[in-house]
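The structure appears right after this line, and notes come after that.
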Amino acid sequence: MSTGALVGLVLVGLVVIVLLTALAAALNIVQQGTVGVVKRLGEYQRTHEPGLVVIVPFVESLQRVDMREIPRPGDRQEVITKDNVVVTVNATIFTQVVDAKAALFSVANFDVGIDALARTALRSVIGTMTLDQALSERERINTDVQQQMEVVTDKWGIRISRIEIVEISPPPNILQALALEKQADQEKRAKILQSEGLKLSAINVADGDAQAAVRAAEGEKQAAILRAEGNRQAAILEAEGRSQAIATVYGAIQQQAPTPALIAILQLDALAKLSDSYNTKVVVPYESVGLLGAAQTLRSVLENAPTEEADTDTG
């Protein structure tokens, strides 16, 4: 084979290789979840969605950008709190590219930029909080760090979806002090609860005694009222009985048409009955003694006198 023929074969092979390389460079496939950014001689031209992308070989280039949400675990770093306690913090940041052009051309390497920005934001936020706040307000830390980062990442075309604080670890001596403080706080609460229980118990006992005394007083009051009511009813009944007795006697006397002599005799008889009672002391004038004797004699005569019915039967 001559030299010219050999050179021709080499040239043909080179042309085939160049054509295949150009064809491979011209035909590109963009996977789902990513986009293709086309640059022509280093200048941005367009952004292609997932699928087949044809570009001009050797003039245009295609760079793929992942548009999915990406978790970025951070490294453990030491941060100083507001009360000068060194804590170890670790956080996971979830980011997503929303503008491929800005992500490629606004920052040299957005992965490195996000990591550095997260470290700075964590130091800034935790540095304004005490240790107790940092341990108990993780949600606030997440929100504040996200807000600080979004001020910068919005310009990069990157969205901070969320930030999760994985760990906040104080030094061992601080942990021991916190444990002792927690124990003391629990003992304090237990004593407070115990004293509150004793207080409530004493109040309940006092209330019970007061209610018992009130009810006893009310019972005595009701008993006194009932006794008074009974005495009143008894007095009323006694007065009514006396009234009825007097009315009966008076009616009987009126029916018999008494004479003055009979009335005087009845008066003397009542006086004699009063004098017969052992529990009654009657002061009688001396002049009335004879009248009492006369009344006794007249009563005896009347009792022994025969009635009209006896005389009628005898006749």
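Laboratory data are not the source of any read-out in this text; all were calculated from the coordinates shown. Quick caveat, the model's predicted, so the values are computed rather than measured. Cβ coordinates were reconstructed from backbone atoms using ideal geometry, including for glycine residues, and neighbour counts include every protein chain displayed.
Determine which member of the set Glu196, Glu150, Glu187 is closer than 30 Å to Tyr44 by Cβ and in a helix (DSSP H, G or I).
It is Glu150.
Among the candidates Ile141, Ile160, Ile174, which residue alone is part of a strand (DSSP E or B), in contact (Cβ under 8 Å) with a residue 24 or more places away in the chain and surrounded by 13 or more Cβ atoms within 10 Å (Cβ to Cβ)?
Ile160
Scanning the range 8-22 for residues that are closer than 15 Å to Pro57 by Cα and small (Gly, Ala, Ser) gives a single hit, Ala22. With the requirement that a residue be farther than 20 Å from Phe110 by Cβ and either surrounded by fewer than 13 Cβ atoms within 10 Å (Cβ to Cβ) or acidic (Asp, Glu) (or both), what does the range 28-42 give you? Hits for the range 28-42 are Ile29, Gln32, Leu41. Mind listing just one residue for me: the one in the range 48-62 that is of a type outside the set (A, V, I, L, M, F, W, C) and surrounded by 14 or more Cβ atoms within 10 Å (Cβ to Cβ) and, of those, nearest to the chain's Cα centre (by Cα)? My answer is Pro50.
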